[in-house]
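The values are calculated or read from the model by the stated rules, or taken from the named source; none is laboratory data. Please read these numbers as outputs of a predicted model, since none were measured by experiment. Here the Cβ is made from the backbone with ideal geometry for all residues, glycine too, and neighbour counts use every protein chain on show.
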Amino acid sequence: MTTLDTAREAGATRDAGARDVKDVRRWWILAVLGCAQLMVVLDTTVVNIALPSAQRALGFDNTDRQWVVTAYALAFGSLLLLGGRLADLFGRKRLFMVGLVGFAAASAVGGAAVNFDMLVGARAVQGMFGAMLAPAALSLLTTTFTDGKERGRAFGIYGAIGGGGAAIGLLLGGVLTEYLSWRWCMYVNLLFATVALIGGVLLLHDRVGSTRQKLDLPGILLVSSGLFSIVFGFSHASTDGWADTITLIFLAAGVTLLAAFVAVQTRVSNPVLPLRVILDRNRGGSYLSILSLGIGLFGMFLFLTYYLQETLGFSAVDSGLAFLPMTAGLVVTSQLAVNVLARRVGPRYIIAPGLAVCAAALVILAHLDINSSYLVNVLPATVIFGLGAGLVFSSATSNATARVASEDAGVASALVNTGQQIGGSIGTALLSTLAASALTSYLHSHTGPRVAEIATIHSYTTAFGWAAVVIGIGAVLTAVILRGKVSETDDNATEVLAL
């Protein structure tokens, strides 16, 4: 072997070693980002099961308890686009770390709350810092995994965390409430944040954007206030009805503000949401699929939890365990979608069928009655829902952030979380209102033994039925919008083309 050959071999060995080290770091980065994402997602549900205990401890009434959940959703949903743009301008690692520290501090305050106002304020601050943390984490993932094969695996895992985190939150909330205290549903975030913070310091690198660019303050004010108004309007409707003046004012204001926001984005030089991000068919269809699935997913969690506990007599822990098979199904199809199917078919043939499967599962739940059981009626439906949701979450998350310009990675990532959070808020409020109307109507038109129990189940099945309609419409629309053909353009990226 010549000296030149030896040198080449040594260089190749060094390069291979460098790639191995880089690969190891990438997967550790995924673990850090996944830990942070899990904390943010499970906080949408972990508090739900703890609410009765918190209510007894702090002495607030039933009309106030929804704000413990809504305060988080309002701040999180309305500030996500701002958080995404800040990550693009000032550095993703920087926003990620600030979000972690702020989220942990707010969680500590919430866990130590001595009254209702302190708890709700802490939840709102959690949402504010979550709006910084979530898009920064996803944009870091997008810029870390650029190889097509690795990107598929990473987004499959991340999508499973995003989809299954809410179910894990129900289980974790039940365990913490039953065996420790409701306060630990807040304190547990300190553990997640500490692990992610240490990992972030050791592994993440910042690529600071152009801080010389000015923030689009009019756009930020319009989109934040518009999303706030929409979420608040739907939340208010769930307790005071659709005809209530405050409900109508906020919903009308939200639509008007968002329309004005779109108009402003076409005229400013540095928009908070460059319209090129959502006008891409794959990204736009992916955001729509996440929104529609969010509406059905969180509505299903809410009413199925009530059904399990009030009708079937499950404990808080048992209710959380009941959702684990759904999470298992979601994990399986998340990996299948991005590692196998995405290489053979376009997103149209992954996401739209996934939504259709979720709608079918909700149709099954819409047929529950007073004699239904978990094993025969609930378990199959939840597993089917998980299989469909796994197809949607991983593929939609990957497509929503694929091929986006580096300077737009934060805002593109923010839209993923915005779709899920706004969808969940709208779904919870909308389906709660429809369920309440169905309950009242049934009681007025029926009499007999166990009529109250039957009416309650009827309200749940009505919610499941409408959730199926919403997701079914989402399946049709995404089938039209998304592209359907996959073409390999190079070794590191997959370009999806129109048929």
Among the residues of region 130-181, which ones are over 30 Å from A112 (Cβ atoms), modelled with pLDDT under 80 and of a type in the set (A, V, I, L, M, F, W, C)?
L138, F145, A154, F155, I157, A160
Test set (1) among the hydrophobic types (A, V, I, L, M, F, W, C); (2) farther than 30 Å from H458 by Cα; (3) modelled with pLDDT of 80 or more - V411 fails condition number:
(3)
Members of region 254-305 that are among the hydroxyl-bearing types (S, T, Y) and farther than 21 Å from S235 by Cβ
T266, S269, S286, Y287, S289
Any chance region 72-89 includes a residue that's of a type in the set (D, E, K, R) and within 25 Å of A112 (Cα to Cα)?
no
Cβ-Cβ under 8 Å, sequence separation 6+ or interchain: first residue in region 313-325 and assigned by TED's automatic domain parsing to the domain that holds A361, partner surrounded by fewer than 18 Cβ atoms within 10 Å (Cβ to Cβ) and small (G, A, S). Which pairs?
none
Answer yes if at least one residue in region 317-325 is more than 15 Å from F464 (Cα to Cα), of a type in the set (D, E, K, R), more than 23 Å from the chain's Cα centre (by Cα) and crowded, with 16+ Cβ neighbours inside 10 Å, and no otherwise.
yes
R403 - would you say it is touching a strand residue (DSSP E or B) at 6+ places or on another chain (Cβ under 8 Å) and surrounded by fewer than 21 Cβ atoms within 10 Å (Cβ to Cβ)?
yes
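Each row is one residue, and each column tells you yes or no for (1) at pLDDT below 80; (2) not acidic (D, E).
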residue: D15; (1), (2): yes, no
residue: V41; (1), (2): yes, yes
residue: T44; (1), (2): yes, yes
residue: A105; (1), (2): no, yes
Which of the helices (runs of 4 or more DSSP H) found entirely inside region 218-321 contain at least 1 residues meeting this: farther than 30 Å from A360 by Cα?
245-265, 275-279
Go through region 108-127 residue by residue and tally those that are crowded, with 22+ Cβ neighbours inside 10 Å and under 19 Å from the mean Cα position of the chain (by Cα).
3
